[in-house]
1. Highest mean first, what order results for 72-84, 52-64 on Cβ atoms within 10 Å?
2. Show the residues, 5+ positions off or on another chain, whose built amide H is closer than 5 Å to the amide H of residue 36.
3. Across the Cα atoms of the stretch 41-102, what radius of gyration and what greatest pairwise Cα-Cα distance (Dmax) are found, in Å?
4. Return the FRET efficiency for the residue pair residue 87, residue 25: r is the Cβ-Cβ distance, R0 is 25 Å, and the value is rounded to the nearest 0.05.
5. Place a point 7 Å from Cα of residue 34 in the direction of its Cβ. Which residues in the stretch 62-95 have their backbone N less than 16 Å from it?
Amino acid sequence: MKNIKLSFVLVVTLFLTACGVMNSKPVPPPAPGAHAQEVRRDQTSGLDRMRTISAQVYGSPMNAQEVIQKQADEAGATYYYVIMVDETGVPGQWYAQAILYK
């Protein structure tokens, strides 16, 4: 019986800790720079959303993020938030999506 109570307390504690992680407060984005800067989701509050972009490249996840950075610069974005970077069904081919912000 004691093990059941201990397990219950442990599960409830872990659940409440996980809920606290999901409730983050907005954080201001970094100061604008010469190039578009990647931001986290909690830094997008208050920014003006421009549009969504995507890239598909051969190489590595870093190559996909470099293409996203270049597209953000070309679009005149100040910031971008990477939604996803994932390998496609083709080995070595990566797909990335990002939201651009002013």
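Read-outs throughout are calculated quantities, based only on the coordinates presented, and are distinct from any laboratory measurement. None of these values were measured; they are calculated from a predicted model. FYI the Cβ positions are ideal-geometry reconstructions off the backbone, even for glycines, and counts take in every protein chain you see.
1. 72-84, 52-64
2. For residue 36, the qualifying residues are 73.
3. Using the Cα atoms of the stretch 41-102, the pair Rg, Dmax is 11.9, 38 Å.
4. 0.15
5. 70, 73-74
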